[in-house]
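Below is one structure; the comments refer to it alone.
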Amino acid sequence: MAASGYPSDLSDAQWAILQPLLYPEPAHPGRPPRVERREVANAILYVLRTGCQWRYLPEGFPHWNTVYWYFKRWRDDGTWERVNDALRRRLRAQLGREPEPSAGSVDSQSARTTEKGASAATTPARR
């Protein structure tokens, strides 16, 4: 059962970009998956966009436990990092830039708390 009509749902063009990133391993012969990964991705995007709890996913999405299992698996195996990197490279290429940045910058700032340090203010006085 496919959920549809949510603003967070992936369009066909968006899914065409994400599909190869979410199906990195070759298909295994045998039983097909019970849940379409596009629907899992739509459910994850729904949770991220609305801020609802996993258990409160609306009907029409896959069961919340399945969606969370995929989210956690993709987080732990680095899938989300690969997706982010691929989308960043794609956007940079569309903007006419090199896919990989050639330089970076680091900004640091220091702020003084107290002359003796923060812990001195909380240490009880000795007699």
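For the reader, a short list of remarks on this structure follows.
- Considering the conditions (1) surrounded by fewer than 12 Cβ atoms within 10 Å (Cβ to Cβ); (2) in a loop (DSSP other than H, G, I, E, B), residue 91 is excluded by exactly one of them, (2).
- Complete set of residues in the stretch 44-85 that are under 16 Å from the mean Cα position of the chain (by Cα) and among the small types (Gly, Ala, Ser): 51, 78
- Residue pairs whose Cβ atoms lie under 7 Å apart, sitting 6 or more positions apart in sequence or on different chains, and linking a residue in the stretch 96-116 that is surrounded by 10 or more Cβ atoms within 10 Å (Cβ to Cβ) to a partner that is modelled with pLDDT of 80 or more and among the aliphatic types (A, V, I, L, M), are 99/93.
The values are calculated or read from the model by the stated rules, or taken from the named source; none is laboratory data. These numbers come from a predicted model, not from an experiment. Counting neighbours? That spans all protein chains shown, and the Cβs are built from the backbone with ideal geometry, glycine included.
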